[in-house]
Amino acid sequence: MTYPNRNTLWAETFVDELAAEGVDAVCLAPGSRSTPLTVAFAEHDDIEVFSHLDERSAAFFALGRAKRTGKPTPIVCTSGTAAANFHPAVIEADRARVPMLVCTADRPPELRDSGANQTVDQEKLYGDAVRWYTDVAEPEATGRKLRYLRTTVARALGSATGTPPGPVHLNFPFRKPLEPVEVEGDVPDSFEADNPIAAEGRDGPFVTVSQGVPELDSDALSRLVDAVRHAERGLLVAGPADGPTPERSALAALADATGFPVLADPLSGHRFGHDGAIVGGYDSYLVPDVTEAWPDPDVVIRLGASPTSKTLRRYLERTESRQFVVDPAGGWREATFTATDLLVADPTRLARRLADELEPQSANETWTARFERAESAHWSLVADSAEHFEGNLLAAVAKLVPDPTTLFVSNSMPIRDLDRFARPRSADVTVLGNRGASGIDGIISSALGAGSATDDPLVLVTGDLAYYHDMNGLLALERCGVDATIVEINNDGGGIFHMLPIESFDPPFTDQFRTPHGLDYSATGDLYGLDFERVETLPAFRDAFSNSLDSSGTNVVEVRTTAETSHRIRETLQDRLVAELSA
Ligand SMILES: Cc1ncc(C[n+]2csc(CCOP(=O)(O)OP(=O)(O)O)c2C)c(N)n1
Ligand SMILES: [Mg+2]
């Protein structure tokens, strides 16, 4: 093979090495300085290109894809503010521990800070949000430089998928010409023959990175086994994890071995997909009026990030118990500071080892019966409620989605309503959300990115402000070939703010917090080529939602709701439940 110039050689080698290490897709956004990378990606046979017009959406699309696959999809942009538009998704990838490979193009060193056009300081642009940053060397046709480049790919992917996974930023300086034009003598014709391994790479990765798994030593494991063995009442709490952590079979084995109830966050990967009993209604009933009559658990094992449910977090804060937080990266994701032990260990390995060490314990029936009774009362109330309110929409979505489904749920009320109203099912529903930094930006793109990586039907439930925030992202439906059912809950503004004390300070509540906009989103139907339907009642929603699941293409089902009424119904249902349980 011959290369017209060093930039072409450099970019093709980079992309070739990514493909050799298993990268099979990329998100590109247009621009000039990144031309060598863009051309190399676009021309590679084994890499699927998702082309985006706007960098913010591109980055969120890659984020959503990685949430679904566990593998990074590189993102490429030109220099300047383009790179800054990746930042929100980089932050979410950092906080939610999602692998991401950010490739920004830049001027060579002498043109930085010299008044050159579209040139900003891109070095360490994302600060501590990345696992690794490097200013890549300038392209050059030497064997050692290309071995360095291939090694850099291995290091970058290794860091992005390490413990914890997260974003990696490679900043690429390129000098003109950026296009694949012939530059006499830039890459000698004999280059490949003289440097076969550097030019062609190895059979497979240039450097194989093997990730170790953190494990407890036997003393620490014995202390844990001891605590669990002597516990009369225990709980397993599975927090948000973007995929079942630990694996479902490992958590099921641990639940069997301990007899502890499993409280599963909707984002834990455990609310759905289990045959055994899963506790899912805790957000409604683990309140002081109910639990003051309950004895405290003596042991709690917490997996994943901090639970979405404030009720559950407060309950764990109130209880006098030994609380083990399992975090393979040794991070701290427990902001009530009531945990007593941090276990730096891989959750799946730990769950299996612990289950193996324990002789099967019969469950403490008085303890589990409390949860069974509360669950049954909660789910009966939810099933009997025929009211048109936001909680019932999420209850219906969770019940009606086919097996399997990938379900992306927006902040703010949709994820909370899913937490409270989605009854556990054995169906394989993969629930994803952006709860690392809980932004309402990039929701549509993240969902479509997840959808691009699976054959599952894709369902997105979003609020109206989150829909507005990432309307650009809808373009990926057509450009990236993704179909979805989008449920847009339109309560004309940020319904969540009704839950806060600011509700009673109006002004400025309505204009500055709830921010009603009165926008008619049906115009997005024509603009983005999707079917847009508006419904106003619960039965009409169920019909429209089911029809959309049965049809191809993308449907937006907009459901009109009143945030205030929805809050009052949530409260009424909870009051009835608490009255029943504390009677
Ligand atoms: C990027 C970003 N800006 C602002 C916020 C603060 N915020 C949290 S929820 C919310 C309102 C969301 O409204 P909507 O999507 O309609 O959902 P609803 O509250 O009505 O359920 C806002 C502005 C945020 N989380 N992220
Ligand atoms: Mg809203």
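The values are calculated or read from the model by the stated rules, or taken from the named source; none is laboratory data. This is a predicted model, so every value here is computed, not measured. Quick reminder, even Gly has a Cβ in these numbers, built from the backbone with ideal geometry, and neighbours come from all protein chains shown. Accessible surface is based on the protein model in full, side chains and every heavy atom, while ligands, DNA and RNA are left aside. Shrake-Rupley method; radii C 1.70, N 1.55, O 1.52, S 1.80 Å.
Worth a mention:
- Segment 23-181: C-alpha gyration tensor shape, a/c 1.5 cut-off, then a/b vs b/c: rounded
- Element breakdown for the chain at a 1.4 angstrom probe: carbon and sulfur atoms account for 47% of the accessible area.
- Value of [θ]222 nm, deg cm²/dmol, for the chain, DSSP H segments ≥ 4, -39500 (n - 2.57) each, nearest 500: -11500 deg cm²/dmol
- Accessible surface, per residue, of the chain when the full set of protein chains is kept, probe 1.4 Å, Å²: 40 Å²
- Share of alpha-carbon pairs per 10 Å distance bin for segment 87-151, given as whole %: 17, 40, 34, 10
- Whole-number percent relative contact order across segment 225-270, with pairs defined as alpha carbons under 8 Å at least 6 apart: 53 percent
- Amide H contacts under 5 Å for residue 342, placed H, 5+ residues apart: 325
- Simple rule: put +1 on each Lys or Arg Cβ and -1 on each Asp or Glu Cβ in segment 531-583, find the dipole, and look at 579, 561, 546; the Cα lying farthest toward the positive end is 579.
- Value of relative contact order over segment 415-524, rounded to a whole percent, pairs C-alpha under 8 Å and six or more apart: 21 percent
- For segment 305-420, the share of alpha carbon pairs falling in successive 5 Å distance bins from zero is 2, 8, 12, 15, 17, 19, 16, 9, 2, 0 percent.
- 3J(HN,Hα) along segment 169-174: 10, 10, 9, 9, x, 10 Hz, from the Karplus curve 6.51 cos²θ - 1.76 cosθ + 1.60 with θ = phi - 60°, whole Hz, x for Gly and Pro.
- DSSP loop chymotrypsin sites (Phe, Trp or Tyr not before Pro) with at most 15 other Cβ within 10 Å excluded, longest remaining stretch of the chain: 1-331
- Pairs beyond 31 Å (Cα-Cα), from 67/145; 67/399; 71/176: 67/145; 71/176
- Taken about its Cα centre, the chain carries a charge dipole of about 1020 debye when Lys and Arg each add +1 at the Cβ and Asp and Glu each add -1 at the Cβ.
- Relative contact order for the chain, counting Cα pairs under 8 Å that sit 6 or more residues apart, in percent: 14 percent
- Rounded, prolate or oblate (a/c below 1.5 giving rounded, otherwise prolate when a/b exceeds b/c) for segment 363-514 by Cα gyration tensor: oblate
- Segment 183-228 and segment 344-385: distance between their alpha carbon centers, rounded to Å: 39 Å
- Cα centroid separation, segment 426-443 to segment 5-60 (Å): 27 Å
- About the Cα centre, charge dipole magnitude for segment 1-141 (Lys/Arg +1, Asp/Glu -1 at Cβ), debye: 580 debye
- Ordering 343, 133, 78 by Cα displacement along the dipole of the chain toward the positive end leaves 343 in first place; charges were set at the Cβ atoms of Lys, Arg (+1) and Asp, Glu (-1).
- Of the GluC sites (Glu not before Pro) found in segment 503-577, the ones in coil according to DSSP and having at most 14 other Cβ atoms within 10 Å of their Cβ are 536.
- Tensor-based shape of segment 428-470 (alpha-carbon gyration tensor, a/c under 1.5 rounded, otherwise prolate or oblate): prolate
- For segment 507-565, the alpha-carbon radius of gyration amounts to 1.38 times the rule-of-thumb value 2.2 N^0.38 Å expected for a compact globular protein.
- Dmax and Rg, reported as Rg then Dmax, of the chain (C-alpha, Å): 25.8, 88
- Charge dipole of segment 26-89 (Cα centre as origin; +1 on each Lys and Arg Cβ, -1 on each Asp and Glu Cβ, all else neutral): 340 debye, rounded to the nearest 20.
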